[in-house]
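Participant: Quick one: the structure is below, questions incoming.
Where a number appears in this text, it was derived from the coordinates with a stated rule and is not lab data. All figures in this text were calculated on a predicted structure; none of them were measured in a lab. Cβ placement follows ideal geometry from the backbone for every residue including glycine, while neighbour counts extend to all protein chains displayed.
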Amino acid sequence: MQAPAEIAVAELEVRCEWALARLGEIVNAGRASGWLRGDVMSAVQDAEAVLSSAVRELPGSSPMRTLATRLGLSTSEMDVLWILACVELSPLLSHAAQLLVSPGMFELNIQILAQLATSPDSELDGDTFHRLARFGLIEASFDSRVPLSRRAVRPSDRVVELARGHFGLDRELAEVARLDTALASRRMTAGLELNTPAELSHAMNTAANVLVVATGNEGSGRQTLLRHAISSAGRTVLIVRAGRLATDPEKLTRQLNAIARECRLHDAWPLLLEVDGVADRADMVDRELLSVHEGPVLVTARESCTWPVARALITIPVALPDIASRIAMWQQALPDAGVDVIQACANRYSITPGLLSRTAVAASALAQNAERVEVDHVHKGLRVQLERRLLGLAHRVETKQTWGDLVLPVDQFDLLIEMVARVRHKRLVFDTWGFADKVGKGLGLSALLSGPPGTGKTMVAGLVARELGLDLYQVDLSRVVSKFIGETEKQLAALFEAAESGHAILLFDEADSLFGKRTEVKSSNDRYANLEVNYLLQRMEAFSGISLLTTNHETAIDKAFQRRLAFHIRVPMPEEPQRASLWETMIPERAERSADLDFAALSKEFVMSGGYIKNAVLRAAFLAADEGTAITNAHLLRAARCEYEAMGKVTFQSTTTER
């Protein structure tokens, strides 16, 4: 990139000042000897003034000129920045600058810069350099042991970038923040206009110095709402991921100073995401950002912000869009979809505007070869978004069995039907009838499926998911539970948030390992284990989705968890008639079998759960295939004995006929 004209002029300024310094020695010697007139120095100074004027009169704009305007920097302050930047960018100027410093010094100091940059009608002092340092424009030593005039000064990387013509966001903030200059997506506009609070619109239109806190769970649309409000006011949004801010006080101060500067430079308003994680650094955020930024500061949080700030506080609870908003958003996102599809999606998927938009894009891609987008395309598109967020913490479980394969006592089956009905009519009861206001927390559904191994608890979960048209994700506890303090809670939060926004059912298999009873605190390990259980209790209480737990040991589940369960469905060991039915239904119709298979005898002799019966039938099938015959009683009996022994049971002489 060709250097801006300012660099060339600034180079001439410094070279001129170097000449003045050398001439000064000659003038002093000439005056002492009487051979040099005093007006020589004034002539050279006039030449310097002409060059300085040329910089101010350059046509057009540049990042450095924008910096001066937006930050209100004086001509002398800009001269300092230009000189420092040019010393970095120009080898010739760097050499000239070295001639100005004292022997043994390698950087310009405040005294030399003040001489080089001061305009006739202004002066530079230590406070000015401190102001430039606070903006992160210079790096200066403020060591009190060093005289002010001798303190070294160098340009920040940001100033060098601006001098080169780079006007994007400061590279040092790349991992923390990003600029969003685009207006909110038109696909979301219709729904958002219905829900933007009047006090938020007023704060944006008046550019008041307020702190706006949008509260709610992740996926409720807080960020989208605030971004829409800022962009509607014609402002750029500087999005800051608060969780990525430094914990080191010195580095955090630099980051916050840079954020405040970039907001002014880009005429942006800051949007800090998930500030709950920086509550311990709230005083620094207030001092370095909130107290210096002019205009609204917007943040998202799970709960209301209690920071001790001087700004007026506006708290906006953000819930998921209502049915009318969802219909409008789906219509915008899928303009070619039928009315039936729009209505079905709005009724089934209560999701954030951003997730809705991404799901619609994925659904449209999946429907490229179809006549139009169908609900199934939307479901698969949402699944793609969900699995991206789960990060391998859970895997989808597909169920091939049907309700006809389920063997369950009548009273427990009735509970299962009631549970499905509760999910289906959730919107009617909680929203339309107003029970959500009475219940408060716990609008989700959690159920425990307990019973001996192999009785079909996981199958029951799969059948429920398929009946509701939802995906079932089995949690990988080995990846969720961590030995590092706080990591388990972080992984669990990601799980619940992803499932909540993606409308999926979470399955915690062998849940007693995670939801077990709290222990008496005898060590730090016990304390942290109990913290995890306490976190689970709080998170499940706030969870608005569906979570199913399975266990072989229901008494091992913490009593506090059991009180929060909407349903407890017991899947017992099947009785003899039920076992006979399982033996028979486990054999596919296409499989070759003997006509005289004695299922009643097998069920009487072997007290086994459905899982073991399935294993035995499959084993018998392979035995028959290896012999090249149909499945016989002998094959089933042999396989049943093997499975029985695997259960730790003792087999006696069989009364079942082997034939």
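Participant: Out of all DSSP beta bridges in the stretch 391-507, what portion is antiparallel? Express it as a percent rounded to 5.
Facilitator: Values: 4 of 8 bridges.
If we restrict to bridges inside the stretch 391-507, about 50 percent are antiparallel.
Participant: Estimate the FRET efficiency between VAL607 and ASN534 by the formula 1/(1 + (r/R0)^6), using the beta-carbon distance for r and 45 Å for R0, to the nearest 0.05. Don't jump to the answer; show the numbers that get you there.
Facilitator: Working: r = 40 Å, r/R0 = 0.89.
The pair VAL607/ASN534 has a calculated efficiency of 0.65.
Participant: Could you compute the net charge surrounding ILE569? Neighbours are other residues with a C-beta less than 12 Å from the C-beta of ILE569; K and R count +1, D and E count -1.
Facilitator: Working: positive: LYS457, ARG570; negative: ASP411, ASP414, GLU418, GLU554.
Taking every Cβ under 12 Å from that of ILE569, the sum is -2.
Participant: What is the gain in length, in nm to one decimal, between LEU313 and ALA282 on full extension, counting 0.36 nm per residue of separation less the C-alpha to C-alpha distance? Please list the in-between numbers first.
Facilitator: Values: separation 31, 0.36 × 31 = 11.16 nm, distance 1.46 nm.
Length gained between LEU313 and ALA282: 9.7 nm.
Participant: Here's another thing I want to ask about it. What whole-number value in cubic angstrom gives the convex hull volume per residue for the C-alpha atoms of the stretch 403-570?
Facilitator: Working: hull volume 20.6 nm³, N = 168.
Dividing the Cα hull volume of the stretch 403-570 by its residue count gives 122 Å³.
Participant: Based on the Cβ-Cβ distance of SER304 and GLU88, what FRET efficiency does E = 1/(1 + (r/R0)^6) give at R0 = 35 Å, to the nearest 0.05? Write out the running numbers ahead of the final one.
Facilitator: Numbers: r = 47 Å, r/R0 = 1.33.
In this case the efficiency is close to 0.15.
Participant: Which value in nm describes the separation of the simple spin-label points at PHE413 and SER513, placed 7 Å from the Cα toward the beta carbon?
Facilitator: 3.3 nm
Participant: Another one. Using Cα centres only, tell me the gap between the stretch 598-633 and the stretch 264-318 in whole Å.
Facilitator: Here the answer is 67 Å between Cα centres.
Participant: How large is ³J(HN,Hα), in whole Hz, for each residue of the stretch 154-169 in order, when computed from phi with the Karplus curve 6.51 cos²θ - 1.76 cosθ + 1.60 and θ = phi - 60°, using x for Gly and Pro?
Facilitator: Taking θ as phi minus 60°, the curve returns 9, x, 6, 4, 5, 5, 4, 4, 5, 5, 7, x, 8, 10, x, 5 Hz for the stretch 154-169.
Participant: Right, next: Would you mind checking which residues have amide H under 5 Å from ILE546's amide H? H placed 1.01 Å from N; only 5 or more apart, or other chain.
Facilitator: Long-range HN contacts for ILE546: LEU445, LEU506.
Participant: Gap in Å between the Cα centre of the stretch 194-259 and the Cα centre of the stretch 334-356?
Facilitator: Here the two parts' Cα centres lie 28 Å apart.
Participant: Something else about it: Would you mind calculating the gained length between ARG241 and THR555 on full extension (0.36 nm times residue separation, minus the Cα-Cα distance), in nm to one decimal?
Facilitator: Numbers: separation 314, 0.36 × 314 = 113.04 nm, distance 4.27 nm.
Here the answer is 108.8 nm.
Participant: Ok, one more. Please give the contour-minus-distance gain from PHE567 to GLN401: 0.36 nm per residue of separation, less the Cα-Cα distance, rounded to one decimal in nm. Before the final figure, lay out the partial values.
Facilitator: On the way: separation 166, 0.36 × 166 = 59.76 nm, distance 2.24 nm.
In short, 57.5 nm is gained.
Participant: Using the 10 angstrom Cβ neighbour count as an exposure proxy, how do TYR612, TYR644 rank, fewest first?
Facilitator: Details: TYR612 22, TYR644 18.
Fewest-to-most ranking of TYR612, TYR644: TYR644, TYR612.
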